[in-house]
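The values are calculated or read from the model by the stated rules, or taken from the named source; none is laboratory data. Keep in mind that what you see is a predicted model, and the values were worked out from it rather than measured. Ideal geometry is used to build each Cβ from the backbone, glycine not excepted, and the neighbour counts take in all protein chains shown.
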């Protein structure tokens, strides 16, 4: 049934609920959101495959939790460099070209992880994967931000960010289907498949008109960040805020799969592989809602207020999650920890894209996001090392403190709701 003029009640209901906007989207808006979302989803799948098989990898190479945490940390550290590199490329050669290149890098490197014959080789391939992972976020976010109008930008970037949760869910499903039958190496081989997305992006996804008109012909002068006091202040604040938020995220969610499966005497919860993977899938659903609904909250209540609220609730929930031990309690609390402990990520892309001008937007987003991510690379190692002495649950209290620090820093940033991009 056509709900338009012939069905006024349906139109009125959609308007009341704020659901009219999908029908107003252009082809370019739909395709850029799909490209950025799919790229980020597959990026998440490839990156989180290590977390899903970390127990098996540590046993295979006979290493302890500190080395296991280091394997995750090197990928995160490399992603900082990748974000800066691909941000610069996106400002020079275009958003879609840089996006395609980043996808190729992380997908091929994921397959190479399955060929590693030593911890050193695996660390090297994770480093290369991290370069592509770091580049995908800011190239995709810049592509969407410059294509979508201000009133719906938060929703679009929230939906893009929500695809990370779907990617984590896919990583858990791939692990369930592949690991018991073919081993941990085959799990990484599945990670090559995202490279196929590049062919569709090349044919169907246009460059943003804003970049074609203003960014393509402008030299990338990063010195503008330091010459203008407002840009310099915002860049420093956003970088520090993001560093704290991501330190909390990566330290917590890198180790939760191991935390659920590890024996109780090691500070874990002793769940079976099947149960722990099921609990992770339920958490992934909570993450998706957290990411997606943040965009709607940011467009309605403002970027800064929504960001702070999510982080404060996450800081309160993590210590509770670290103390409960009953499987049912973990199942019920997990989605809420995931909702608030990850949903704020949707806010950073929206905030950062609205803080900087077009000619340096992707570069500035890459710097502020990925320098913070580089610092957060310490988190998996820090939690793993701390867990050797106090157990994983107690080590998670460090992440609660990081979430709270990020919330306080966010209060110092300007509100950018409704801002038209320069």
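In the set (1) at pLDDT below 85; (2) surrounded by fewer than 24 Cβ atoms within 10 Å (Cβ to Cβ); (3) within 30 Å of residue 263 (Cβ to Cβ), residue 387 fails one condition alone, (2).
With a cut-off of at least 2 residues that are modelled with pLDDT of 80 or more and either in contact with a helix residue (DSSP H, G or I) (Cβ under 6 Å, 6 or more places away or on another chain) or surrounded by 15 or more Cβ atoms within 10 Å (Cβ to Cβ) (or both), name the helices (runs of 4 or more DSSP H) lying wholly within the stretch 204-283.
Values: elements: 224-227, 229-253, 256-261.
Fully inside the stretch 204-283 and qualifying: 229-253, 256-261.
Scan the stretch 289-317 residue by residue and report those that are surrounded by fewer than 23 Cβ atoms within 10 Å (Cβ to Cβ) and at pLDDT below 90.
Going through the stretch 289-317, the residues surrounded by fewer than 23 Cβ atoms within 10 Å (Cβ to Cβ) turn out to be 289, 292-293, 296-297, 300-302, 304-305, 308-309, 312-313, 315-317.
Scanning the stretch 289-317 gives 292, 293, 296, 297, 300, 301, 302, 304, 305.
Could you check, for the stretch 264-280, whether at least one of its residues is under 22 Å from residue 385 (Cα atoms) and free of Cβ contacts under 8 Å to residues at least 40 places away in the same chain? For the stretch 264-280, residues under 22 Å from residue 385 (Cα atoms) and free of Cβ contacts under 8 Å to residues at least 40 places away in the same chain: present.
Select from the stretch 400-412 the residues that are modelled with pLDDT under 90 and within 21 Å of the chain's Cα centre (by Cα) and list them in ascending order. Of everything in the stretch 400-412, just one residue is modelled with pLDDT under 90 and within 21 Å of the chain's Cα centre (by Cα), namely 410.
Applying the set (1) part of a helix (DSSP H, G or I); (2) within 24 Å of residue 190 (Cα to Cα); (3) at pLDDT 85 or above to residue 75 leaves exactly one unmet item: (3).
Hey, any hits in the stretch 104-123 for a residue that's under 19 Å from residue 371 (Cβ atoms) and assigned to a helix (DSSP H, G or I)? Within the stretch 104-123 (the criterion being under 19 Å from residue 371 (Cβ atoms) and assigned to a helix (DSSP H, G or I)), the answer is no, since none of the residues qualifies. The sole residue among 54, 33 that is part of a helix (DSSP H, G or I), touching a residue at least 60 places away in the same chain (Cβ under 8 Å) and within 16 Å of residue 384 (Cα to Cα) is 54. Note on the stretch 134-162: residues that are within 11 Å of the chain's Cα centre (by Cα) and either outside any helix (DSSP H, G or I) or surrounded by fewer than 24 Cβ atoms within 10 Å (Cβ to Cβ) (or both) amount to 0.
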